[in-house]
1. Which pairs turn up if I take residues in region 194-211 that are modelled with pLDDT of 95 or more and surrounded by fewer than 18 Cβ atoms within 10 Å (Cβ to Cβ) and look for partners that are hydroxyl-bearing (Ser, Thr, Tyr) and part of a strand (DSSP E or B) with beta carbon separation below 9 Å, at least 6 apart in sequence or on another chain?
2. Would you point out the residue of region 154-193, among those that are in a loop (DSSP other than H, G, I, E, B) and over 19 Å from Leu79 (Cα atoms), that is most open to solvent (accessible area, probe 1.4 Å)?
3. Are there any pairs with C-beta distances below 7 angstrom linking a residue in region 155-183 that is within 15 Å of Leu198 (Cα to Cα) and touching a residue at least 40 places away in the same chain (Cβ under 8 Å) to a residue that is in a helix (DSSP H, G or I) and open to solvent by 50 Å² or more (accessible area, probe 1.4 Å), with the two at least 6 apart or on different chains, and if so which?
Amino acid sequence: MSSEPPPGDGRPPEDDPFRKQSPHGGQQPPSGEQPPPPGGQPPPYGGTPPYGGTPYPNDPLAGMPPLADSGKRTLARILDMILVGIVVWLITWPLNAHEYTVNSDKIEAGKSFLQSLIAALLYIGYDTFMTSRSGQTLGKRLLNMRVANLDNGATPSVQTSLARAAVLWIPFAFCCFCVWTAISGGWSYFDRPYKQGLHDKAAKTVVVSTN
């Protein structure tokens, strides 16, 4: 019988470079170091609990890299929005799919739906593909961070990446534009202990540093 877990059970494969590691690489702790308390995990990041205080029992972040800075996350998101926004504009401009078309005294807003639909599909497709492939969009790669599953540190699956992207980009494209992006992403500035945006909470992911 094979000892490998069956496919689709939610656990990261053994060769996933982003799966979370034991603080001691599976070895016994060095001499003189206290073992983790019964029923709990060692504090993450080499013994320092996030945001001070005592370690959380069974902390999902134990063995994972430090959480990414929220300011860097915002900058990475802006870079991604600009990159994909250029593509949206290049596609919708020949189609004359602008937000509003003024014709004499009549303002036609019907074509805005096409632009919103194209924007939603491109943003969601881009985010889903890049996140499920490596955990990194281009913006995150430039700023040395990645998305990881909260429970095991692995690169999110396509389904998880799609759910995360949909929560972020559908309201952005169809109704709330930058307001929703600011709320969803800005949530990480105040969220404790995992610095999650609302889209992270929906998909059960975190963003961690890669450097």
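1. Partner pairs satisfying both residue conditions: none exist.
2. The qualifying residue most open to solvent (accessible area, probe 1.4 Å) is Phe190.
3. Pairs that qualify, where the first residue is within 15 Å of Leu198 (Cα to Cα) and touching a residue at least 40 places away in the same chain (Cβ under 8 Å) and the partner is in a helix (DSSP H, G or I) and open to solvent by 50 Å² or more (accessible area, probe 1.4 Å), are Ala163/Ala202; Arg164/Ala202; Phe172/Trp180.
The values are calculated or read from the model by the stated rules, or taken from the named source; none is laboratory data. No experiment lies behind these values; they were computed from the predicted model shown. Methodologically, a virtual Cβ is constructed for each residue, glycine included, from the backbone with ideal geometry; neighbour enumeration extends over all protein chains shown. Protein only, heavy atoms only, side chains kept; ligands, DNA and RNA dropped before computing areas. Shrake-Rupley method; radii C 1.70, N 1.55, O 1.52, S 1.80 Å.
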